[in-house]
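First up is the structure itself, then whatever we jot down about it.
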Amino acid sequence: MVDMNRVLRCSRLSEWAYGDLQQFKDNLVAHDYSTKSLKFFNYKGAQAYGMETKTGEIVVVFRGTEPTQVSDIIADLKAWPSASETVGMVHDGFKDELDKIANKIMEWMPSKKDKTVICTGHSLGAAMASLFAARLSAMDNDVELYTFGSPRVGDKTWAAQFDNIKAYRFINNNDLVCRVPTDLYYEHVGEVYYFAYTGKMMVNVGAWSRFKDRIKSRLRCLIKLELFDSLYDHKIPKYIKRIEENK
């Protein structure tokens, strides 16, 4: 079973990653998240935060899609496959976005191989975190991946790498982003933690069970004239609320 305290930390970090450096620092202090070092990476619309904790872990948090950021929208739309840096094929837009800052993050990261690297993010940030985790694992780093509202990222060959990576993927009920791009080519990775419309967290529940639960949720929302639950369910505060409820 996944460590829900760590999941909560990663979900909060993924939310704070949408803010600027000072806001990120203020949130760390407010929640008593102590760090030895902190670095903000920002290049042509791609952003991430790198942290080294006092317990020796390295955390890399990728910022998700910002509706006002043109480069983020373009990255989401470039859904054709491109050769990955490891094996298989991946979503070209997600790869391009990571490539803008990946080398800078690698240069910053402490070089000791005995450190665990935690990669996390929401939405586009989740896709970038997944790609970065695969690259680190291929370099024999000890990696853990925590994603929230992640789209599909790579093909079957690429996804197979995650058989050897500790990866935990969180889906909030009707979150539309978790169902794109097409599953005819792209695949999800990681152990699945699904929040039902009741709020209950279910582990590794199958696609058919998730589909039935989404239908129940959609009918409930239609009765209440709530027409945009697929978008609301994608918001990172919704994920944090569900995680807090299931800790």
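The values are calculated or read from the model by the stated rules, or taken from the named source; none is laboratory data. From a predicted model like this one, the values you see are computed outputs, not experimental measurements. Note that each Cβ is placed from the backbone with ideal geometry, even for glycine, and that neighbours are counted across all protein chains shown. Accessible surface is based on the protein model in full, side chains and every heavy atom, while ligands, DNA and RNA are left aside. Shrake-Rupley method; radii C 1.70, N 1.55, O 1.52, S 1.80 Å.
Filter the stretch 149-185 down to the residues that are of a type in the set (D, E, K, R) and within 17 Å of the chain's Cα centre (by Cα), then identify the one that is least open to solvent (accessible area, probe 1.4 Å).
Only one residue fits best here, namely Asp175.
Output the number of the condition that Phe24 fails; it satisfies all remaining conditions of (1) in contact (Cβ under 8 Å) with a residue 40 or more places away in the chain; (2) surrounded by 16 or more Cβ atoms within 10 Å (Cβ to Cβ).
Evaluating Phe24 over (1) in contact (Cβ under 8 Å) with a residue 40 or more places away in the chain; (2) surrounded by 16 or more Cβ atoms within 10 Å (Cβ to Cβ) leaves (1) as the failure.
Scan the stretch 52-65 for residues that are in contact with a helix residue (DSSP H, G or I) (Cβ under 8 Å, 6 or more places away or on another chain) and closer than 18 Å to Glu144 by Cα and report the count.
Of the residues in the stretch 52-65, the ones in contact with a helix residue (DSSP H, G or I) (Cβ under 8 Å, 6 or more places away or on another chain) are 59-65.
Next, from what is left, pick out any that are closer than 18 Å to Glu144 by Cα: 59-63.
The qualifying residues number 5.
Does Lys78 qualify as being open to solvent by less than 60 Å² (accessible area, probe 1.4 Å), in contact with an Asp or Glu (Cβ under 6 Å, 6 or more places away or on another chain) and not hydroxyl-bearing (Ser, Thr, Tyr)? Give the derivation first.
Numbers: open to solvent by less than 60 Å² (accessible area, probe 1.4 Å): yes; in contact with an Asp or Glu (Cβ under 6 Å, 6 or more places away or on another chain): yes; not hydroxyl-bearing (Ser, Thr, Tyr): yes.
Yes: the conditions hold for Lys78.
Residue by residue through the stretch 3-21, note down the ones that are within 12 Å of Met51 (Cβ to Cβ), assigned to a helix (DSSP H, G or I) and touching a residue at least 60 places away in the same chain (Cβ under 8 Å).
Matches in the stretch 3-21: Cys10, Leu13.
Select from the stretch 94-116 the residues that are modelled with pLDDT under 95 and either open to solvent by less than 20 Å² (accessible area, probe 1.4 Å) or of a type in the set (S, T, N, Q) (or both) and write down the one among them that is farthest from Val60 (Cα to Cα). Show your work before the answer.
First pass over the stretch 94-116, keeping only residues modelled with pLDDT under 95: 106-116.
Filter again for either open to solvent by less than 20 Å² (accessible area, probe 1.4 Å) or of a type in the set (S, T, N, Q) (or both), leaving 111, 116.
Details: Ser111: 14, Thr116: 11 Å.
Filtering first and then ranking leaves Ser111.
Select from the stretch 159-179 the residues that are in a helix (DSSP H, G or I), at pLDDT 95 or above and either touching a helix residue (DSSP H, G or I) at 6+ places or on another chain (Cβ under 7 Å) or among the basic types (Lys, Arg) (or both) and list them in ascending order.
Selection gives Gln161 alone.
Only one of Val87, Val60 is in contact with a Cys (Cβ under 7 Å, 6 or more places away or on another chain) and at pLDDT 95 or above; which?
Working: Val87 fails: in contact with a Cys (Cβ under 7 Å, 6 or more places away or on another chain).
Going through Val87, Val60 in turn, just one is in contact with a Cys (Cβ under 7 Å, 6 or more places away or on another chain) and at pLDDT 95 or above: Val60.
So for the stretch 203-216 (the condition being more than 28 Å from Arg63 (Cβ to Cβ), crowded, with 17+ Cβ neighbours inside 10 Å and either at pLDDT below 80 or among the aliphatic types (A, V, I, L, M) (or both)), does at least one residue qualify?
For the stretch 203-216, residues more than 28 Å from Arg63 (Cβ to Cβ), crowded, with 17+ Cβ neighbours inside 10 Å and either at pLDDT below 80 or among the aliphatic types (A, V, I, L, M) (or both): present.
Residue by residue through the stretch 8-39, note down the ones that are more than 19 Å from Thr147 (Cβ to Cβ) and among the small types (Gly, Ala, Ser).
Selection gives Gly19, Ala30, Ser34, Ser37.
Identify the residue in the stretch 117-147 that is assigned to a helix (DSSP H, G or I), more than 22 Å from Ser37 (Cα to Cα) and among the hydrophobic types (A, V, I, L, M, F, W, C) and, among all such residues, is modelled with the lowest pLDDT.
Ala138
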